[in-house]
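Written out below as structure tokens is the structure these notes cover.
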Amino acid sequence: MASIEARFQLPFPGFALEVGLQLPGAGVTALFGHSGSGKTTLLRCIAGLERAPQGYLQVGGVLWQDSSQGFFLPTHRRPLGYVFQEASLFPHLSVRRNLEYGQKRIPAADRRIALEQALDLLGIGHLLERMPDRLSGGERQRVAIARALALSPQVLLMDEPLAALDLQRKQEILPFLIRLHNELAMPILYVTHSPEEVIQLADHLVVLEAGKVAASGPLAETLTQLDSPLAQGEQASSMLQAQICGHEPEFHLTQVQFAGGVLNLPYQRTTPIGTRLRLRVYARDVSITLQPPAQTSILNVLPAAITGMAHDDEGRSLVRLSLGGAPLLAHITQKSAVQLGLQPGMQVFAQIKATAIL
């Protein structure tokens, strides 16, 4: 599928967006960074809401902007859907009429997403006759996403759609976003500053710092790049794709198979065998041993190879491991790394507490 090629230079007082990106033409690309890093500005450039004096944008093989030719496709002619932090529904229109308003803008011949499909994906069929003021925050945002889908966009832009919701509402809407990810072929560009949302939703990750691209690539690889901002600090983690292969209800444990072997994790009581999961493993919860321990309380001890190492200025070593090709990040003390003589290329064993896997 054709990709998205984006290059923008957009100066502001005290800040400049300077990015060059080649993004996948399907799946979810997360634009991640702290406040002020340029995430929303980049999204607005792609939408045409900001016109970068130096910019180039091609989506699915179609040119949307090329400043060298003086070409700029205005926002209303770009086949995109945009979901903001606030739902911004028309307060005087019912849910049904909000959705129909979006769909009417698209000629019937160009409609690739039926209204019924959007209703099913977002689980809002029972809300059609309600007015926006009778919806919860999570319901309003699901309607806003459905309205964006009703435009049959070639790309869906989402600017921190969960940021205005409390934890309960976020947990309510996240499964629907995962469903969009699984069932829609269109590319979704998803702005967030939440590592949890990145782990659950993204296929591709772009990390922005001060208007520039600090890292970009497939999620599992980019999360564990030693020079990535996400590999630093207490929140550093890895993402493992796994499939449930067994349950031990007597011990409240579940087993999952992934590229590096079998992991034990907390009991997934209602999740059947065969279900695919995304697992988040914090780097601080991974330790390293040179030999498989004979007697240990840690259930997850897996063979691994060291593929990279770095050291910070706080006495910590960042170790990048490969478990059957699955990248895993470990944070250990520099003293431990020296005492074990750890070096890239070494064969070791990774230890992960079952209770630490999310």
TODO: Kindly indicate whether any position in segment 61-72 is modelled with pLDDT under 95, under 28 Å from GLU197 (Cα atoms) and either in the same structural domain as ASP159 (by TED's automatic domain parsing) or small (Gly, Ala, Ser) (or both).
DONE: no
Task: From the options PRO24, PRO74, residue that is within 28 Å of PRO229 (Cα to Cα) and either in contact with a Gly (Cβ under 8 Å, 6 or more places away or on another chain) or touching a residue at least 60 places away in the same chain (Cβ under 8 Å) (or both) - done: PRO24
Open item on the list: Of everything in segment 114-137, what is among the acidic types (Asp, Glu), within 25 Å of PRO153 (Cβ to Cβ) and exposed (fewer than 14 other Cβ atoms within 10 Å of the Cβ)? Give them in sequence order.
Closed with: GLU116
Open item on the list: Out of SER68, SER37, I need the residue that is assigned to a helix (DSSP H, G or I) and either of a type in the set (Gly, Ala, Ser) or in contact with a helix residue (DSSP H, G or I) (Cβ under 9 Å, 6 or more places away or on another chain) (or both). Which one?
Closed with: SER68
Task: Selection count where residues are among the small types (Gly, Ala, Ser), surrounded by 17 or more Cβ atoms within 10 Å (Cβ to Cβ) and not in a strand (DSSP E or B), scope segment 299-341 - done: 1
- [ ] Among the numbered conditions (1) touching a strand residue (DSSP E or B) at 6+ places or on another chain (Cβ under 6 Å); (2) modelled with pLDDT of 95 or more; (3) outside any strand (DSSP E or B), tell me where GLN268 comes up short.
- [x] (2)
- [ ] Could you please let me know if SER68 is over 18 Å from PHE12 (Cα atoms) and among the hydroxyl-bearing types (Ser, Thr, Tyr)?
- [x] yes
- [ ] Given the conditions (1) modelled with pLDDT of 95 or more; (2) in the same structural domain as VAL319 (by TED's automatic domain parsing); (3) under 30 Å from GLY81 (Cα atoms), report the number of the one that ILE244 does not fulfil.
- [x] (3)
- [ ] Exactly one condition in (1) touching a Pro at 6+ places or on another chain (Cβ under 6 Å); (2) part of a loop (DSSP other than H, G, I, E, B) is not met by GLY81; state its number.
- [x] (2)
Open item on the list: Could you check segment 56-71 and list, in sequence order, the residues that are farther than 22 Å from ASP159 by Cα and touching a Gly at 6+ places or on another chain (Cβ under 7 Å)?
Closed with: SER67
TODO: Could you figure out which of (1) among the aromatic types (Phe, Trp, Tyr); (2) in contact with a strand residue (DSSP E or B) (Cβ under 9 Å, 6 or more places away or on another chain); (3) free of Cβ contacts under 8 Å to residues at least 40 places away in the same chain isn't true of PHE32?
DONE: (3)
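The values are calculated or read from the model by the stated rules, or taken from the named source; none is laboratory data. In this text, all values refer to a predicted model and were calculated from it rather than measured experimentally. So basically every Cβ, Gly included, is an ideal-geometry build from the backbone, and we count neighbours across all protein chains shown.
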